[in-house]
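Scroll down for the structure; my scribbles are underneath it.
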There are 4 protein chains.
Amino acid sequence: MEEQWIEELLAISEDEKLTPKQISILQAAIEVFSEKGYAAAATSEIAQMAGVAEGTIFRYYKTKKDLLLSIIGPTMSRMLAPFVLRNFNGLLDVPYDNFEEFLRTLIINRLEFARRNFKILKILIQEIPFQPKLKEQFAENILSKVLERVVEIVEHFKAKGEVIELPTPAILRFTISSVIGYLLNRLLLQPEKDWNDEEEINLTIHFIMHGISGAAAPI
Amino acid sequence: MEEQWIEELLAISEDEKLTPKQISILQAAIEVFSEKGYAAAATSEIAQMAGVAEGTIFRYYKTKKDLLLSIIGPTMSRMLAPFVLRNFNGLLDVPYDNFEEFLRTLIINRLEFARRNFKILKILIQEIPFQPKLKEQFAENILSKVLERVVEIVEHFKAKGEVIELPTPAILRFTISSVIGYLLNRLLLQPEKDWNDEEEINLTIHFIMHGISGAAAPI
Amino acid sequence: MEEQWIEELLAISEDEKLTPKQISILQAAIEVFSEKGYAAAATSEIAQMAGVAEGTIFRYYKTKKDLLLSIIGPTMSRMLAPFVLRNFNGLLDVPYDNFEEFLRTLIINRLEFARRNFKILKILIQEIPFQPKLKEQFAENILSKVLERVVEIVEHFKAKGEVIELPTPAILRFTISSVIGYLLNRLLLQPEKDWNDEEEINLTIHFIMHGISGAAAPI
Amino acid sequence: MEEQWIEELLAISEDEKLTPKQISILQAAIEVFSEKGYAAAATSEIAQMAGVAEGTIFRYYKTKKDLLLSIIGPTMSRMLAPFVLRNFNGLLDVPYDNFEEFLRTLIINRLEFARRNFKILKILIQEIPFQPKLKEQFAENILSKVLERVVEIVEHFKAKGEVIELPTPAILRFTISSVIGYLLNRLLLQPEKDWNDEEEINLTIHFIMHGISGAAAPI
DNA sequence: CATGAATGAGTGTTCATTCAT
DNA sequence: AATGAATGAACACTCATTCAT
């Protein structure tokens with residue numbers, strides 16, 4: 001299943017267009033934005049950390065906001081990658097044997113993605129409420145497509161009887177909350193804890209599938 | 001169970017110490033901070049919205065950061081309220097007949113709290129990563145106490161056989177993720193949706209207890 | 001005829017609304033703008049010359065351009081003053097016995113005005129080509145009204161036979177060119193020359209009335 | 001009389017030394033300087049409009065000010081051309097039969113010159129007050145020589161009785177004001193008006209010779 | 001020759017904070 | 001207590017100029 005993750009390729013192909021100075025600037029900006037927040041970050045500090053003159057930043061990025069969007073935009077696209085349908089030969093493409101496999105793949109994969117793009121994701125989450133452009137882009141280009149895809153998968157497994165017949169939005173919310181809850185704990189709240197990822201993922205999947213009561217659902 | 005919620009009392013007793021101008025300032029600051037973010041908020045705008053002179057803000061709050069902390073601090077305390085043990089006469093105080101009742105009470109109660117303190121919570125979440133003082137205060141005074149209390153409750157119901165014998169931290173994470181996931185969806189992501197809160201809370205509790213597979217846990 | 005010149009009153013009444021710092025700022029701005037030109041003038045230099053902090057300028061004038069317009073606007077109004085009709089009791093108001101008297105009054109008066117507002121006029125002339133707002137304001141509020149008034153006067157004296165029957169626009173252009181030509185020479189090009197104003201004004205009026213040939217017009 | 005106008009030759013001979021890129025740069029600089037003013041013009045915009053790299057400008061012109069002077073300098077020289085004495089065989093050279101002919105030739109000729117060099121003249125007038133080098137060059141090389149020549153002509157016609165016996169500087173000022181007044185109106189203030197140049201020139205000359213009163217000079 | 005990336009001093013402007021009234 | 005005028009450091013951004021390629 002690895003072959004479907006094209007984010008690295010996208011990233012690399014994009015990086016090819018960047019000069020070393022641009023890369024320094026982006027790295028420094030990610031660092032400073034994630035550490036201080038966009039509004040409190042000074043372009044002078046970014047320049048200093050990147051080892052370039054302040055004017056150089058504005059050669060490549062017309063404004064500070066441009067710099068922000070240049071960091072977040074591509075990452076948002078790459079967030080989307082694993083949810084892009086490979087709809088070849090007209091068949092519905094749900095390449096998972098069961099829901100657990102889907103969850104496991106998703107968690108492992110997005111955990112890795114989040115690990116690699118941790119600071120950018122932090123910036124993204126912090127700034128979405130204040131940047132209407134970002135919010136809109138996120139809602140239209142990312143969220144809706146991811147949801148659409150996941151709805152499809154959930155309904156596929158509902159039909160197969162692996163997922164209970166309750167409202168799909170609620171099932172989604174519950175599933176996603178559990179996954180994101182794990183990722184946040186793992187990376188943000190307790191990053192220094194000595195995690196056994198495989199076991200934790202199994203636990204998370206177990207909770208999502210069977211809850212915490214240990215009894216069959218009464219419905 | 002209402003008698004345990006002392007947050008309003010705390011709030012009122014605190015408010016009694018405040019002059020009308022202070023209240024205006026706090027209200028305006030909450031408005032502006034939550035709308036623009038702390039760093040991008042101008043004290044002049046807060047003053048204008050509060051209907052006071054710029055200098056007046058600094059009479060009550062030494063710095064802008066002081067103003068921020070004065071908003072968030074008390075709210076953090078009130079977040080804690082329902083988790084405070086009323087450990088009178090030495091008995092362990094777990095005033096819930098079963099885990100579901102606890103969850104239902106918790107969700108209803110914190111949903112109401114979040115609704116009432118929505119903007120402040122937004123500020124809190126936004127600023128915690130950038131204000132070490134806040135982070136520390138939150139970790140030491142709030143999070144640890146809440147967790148301690150919830151651990152107690154979870155283990156109580158584990159002992160009663162209502163909750164399965166898996167690692168408590170994982171159970172906590174899972175439970176809390178599901179609850180917070182609901183709250184975020186309800187208030188932040190889709191606030192305008194026409195929610196049937198009672199049904200959604202039932203669904204959420206059902207998921208937490210039994211997951212989404214509809215089958216008994218295989219463990 | 002002195003009573004008609006209300007420009008000083010206008011100026012004074014306006015000045016009354018200004019704080020000492022504002023006056024310093026305006027004076028310094030006039031100095032620096034006229035010396036270096038608007039675009040090449042630094043607000044920091046204006047602040048320094050005015051003896052205020054740079055921020056103080058922007059307390060009173062939102063932008064540098066605002067400062068420019070605040071200087072030029074009132075002066076443009078005062079340029080207009082002597083041409084404002086005092087059209088009381090419905091009579092046409094041409095309070096001059098003959099054209100020469102009109103010219104003499106005009107030259108003396110506007111020479112004095114230009115002397116007093118020399119630097120501002122320099123700024124005005126320099127910046128009109130580059131500030132559409134100024135150009136428009138000047139054309140609509142000043143130039144058209146002055147011309148309208150002067151046309152009226154010229155045609156009045158045409159009817160009386162004191163001015164020849166040639167196209168009024170050409171007469172105006174010729175008259176105004178001669179007056180302005182004198183003012184520019186007097187104040188701008190050769191300010192240090194030892195001028196006998198009364199004699200020069202007489203000569204200028206003589207030229208306007210009879211040209212340089214010493215013979216009667218052949219028409 | 002055409003043979004005396006050497007400006008085109010000067011221009012062409014100078015142009016011969018210029019590479020195509022230099023010509024592009026000069027044209028672009030004239031455009032941008034006249035539109036925005038020297039101080040507000042960006043060399044980057046000039047480079048872009050000229051279709052060359054920013055660095056190329058500085059290969060030919062050491063500084064931005066150099067570029068300005070390179071534009072204005074030659075034009076100033078060409079302004080001088082018609083006033084240069086062709087003092088061959090020691091005779092005083094006043095090749096005009098009467099003063100009116102001189103005026104007519106002057107106006108037609110300088111109108112054409114101004115038309116052709118309109119933008120440069122605009123730059124020249126705008127920048128002379130701020131560029132001491134220009135001011136000095138203009139006063140010493142141009143103004144004094146033109147005046148010297150015109151004084152000569154005026155006194156020639158004074159001696160012939162065609163011009164009245166009043167102070168030559170005043171006669172000059174009056175004459176030049178009237179000519180320049182016409183040129184400014186014609187080209188700058190009302191360029192879009194439908195002018196009948198021949199008639200307007202006749203009127204202007206008539207005013208200069210006989211004024212506007214229609215009566216013989218009383219002197 | 002010509003380029004254009006890189007510079008860094010300088011720009012207009014903002015804003016938290018102070019303090020005389 | 002309350003004001004708001006005044007501050008000046010910091011900010012995002014510009015631009016003439018340099019220089020390695």
Q: Look at C:SER70 and say whether it is away from chain B (no Cβ under 14 Å), within 16 Å of DNA strand E (Cβ to nearest atom) and either surrounded by fewer than 16 Cβ atoms within 10 Å (Cβ to Cβ) or at pLDDT below 95 (or both).
A: yes
Q.
Going residue by residue through region A:197-213, is there one that turns out to be at the interface with chain B (Cβ under 7 Å from one of its Cβ atoms), on the phi < 0 side of the Ramachandran plot and not in a helix (DSSP H, G or I)?
A. yes
(Q) For region D:57-67, give me each residue that is surrounded by fewer than 17 Cβ atoms within 10 Å (Cβ to Cβ) and either over 14 Å from D:LYS133 (Cα atoms) or within 14 Å of DNA strand E (Cβ to nearest atom) (or both). (A) D:PHE58, D:ARG59, D:TYR60, D:LYS62, D:THR63
Q) Mind checking which pairs have a first residue in region B:105-116 that is among the aromatic types (Phe, Trp, Tyr) and a second that is buried (at least 18 other Cβ atoms within 10 Å of the Cβ) and assigned to a helix (DSSP H, G or I), Cβ under 8 Å, 6 or more apart or different chains? A) B:PHE113/B:GLU7; B:PHE113/B:ARG78; B:PHE113/B:MET79
Q: Name, by its number, the condition in (1) at pLDDT below 80; (2) within 16 Å of DNA strand E (Cβ to nearest atom) that does not hold for B:GLU16.
A: (2)
(Q) Cβ-Cβ under 6 Å, sequence separation 6+ or interchain: first residue in region B:41-60 and within 14 Å of another protein chain (Cβ to nearest Cβ), partner more than 9 Å from DNA strand F (Cβ to nearest atom) and of a type in the set (Phe, Trp, Tyr). Which pairs? (A) B:ALA41/B:PHE33
Q: Report yes if A:LYS21 is away from DNA strand F (no atom under 16 Å from the Cβ), open to solvent by 50 Å² or more (accessible area, probe 1.4 Å), away from chain B (no Cβ under 14 Å) and of a type in the set (D, E, K, R), otherwise no.
A: no
Q) Going by the structure shown, is B:LEU92 modelled with pLDDT under 90 and more than 12 Å from chain A (Cβ to nearest Cβ)? A) yes
Q. What number of residues in region C:183-196 are touching a Ser or Thr at 6+ places or on another chain (Cβ under 9 Å) and more than 7 Å from chain D (Cβ to nearest Cβ)?
A. 1
Q) In this structure, does C:GLU127 turn out to be assigned to a helix (DSSP H, G or I) and loosely packed, with under 15 Cβ neighbours inside 10 Å? A) no
(Q) I need the full set of residues from region D:34-56 which are near DNA strand F (Cβ under 7 Å from one of its atoms) and assigned to a helix (DSSP H, G or I), in order please. (A) D:THR43, D:SER44, D:GLU54, D:GLY55
Q: Assess whether B:LEU80 counts as being in a loop (DSSP other than H, G, I, E, B), away from DNA strand E (no atom under 16 Å from the Cβ) and either modelled with pLDDT of 95 or more or away from chain A (no Cβ under 14 Å) (or both).
A: no
Q) Which one is least open to solvent (accessible area, probe 1.4 Å), of the residues in region A:144-176 that are facing chain B (nearest Cβ under 9 Å) and closer than 18 Å to A:ILE108 by Cβ? A) A:THR175
Q. Of the conditions (1) at pLDDT 90 or above; (2) facing chain B (nearest Cβ under 7 Å); (3) open to solvent by less than 30 Å² (accessible area, probe 1.4 Å), A:ALA217 fails just one. Which one is it?
A. (1)
Q: Considering each residue of region B:97-124, count those that are open to solvent by less than 20 Å² (accessible area, probe 1.4 Å) and farther than 14 Å from B:LEU187 by Cα, and give that number.
A: 5
Q: Mind listing whichever residues of region A:40-54 are surrounded by fewer than 18 Cβ atoms within 10 Å (Cβ to Cβ), aliphatic (A, V, I, L, M) and near DNA strand E (Cβ under 10 Å from one of its atoms)?
A: A:ALA53
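The values are calculated or read from the model by the stated rules, or taken from the named source; none is laboratory data. These numbers come from a predicted model, not from an experiment. FYI the Cβ positions are ideal-geometry reconstructions off the backbone, even for glycines, and counts take in every protein chain you see. Just the protein is used for accessible areas: all its heavy atoms, side chains included, with ligands, DNA and RNA removed. Shrake-Rupley method; radii C 1.70, N 1.55, O 1.52, S 1.80 Å.
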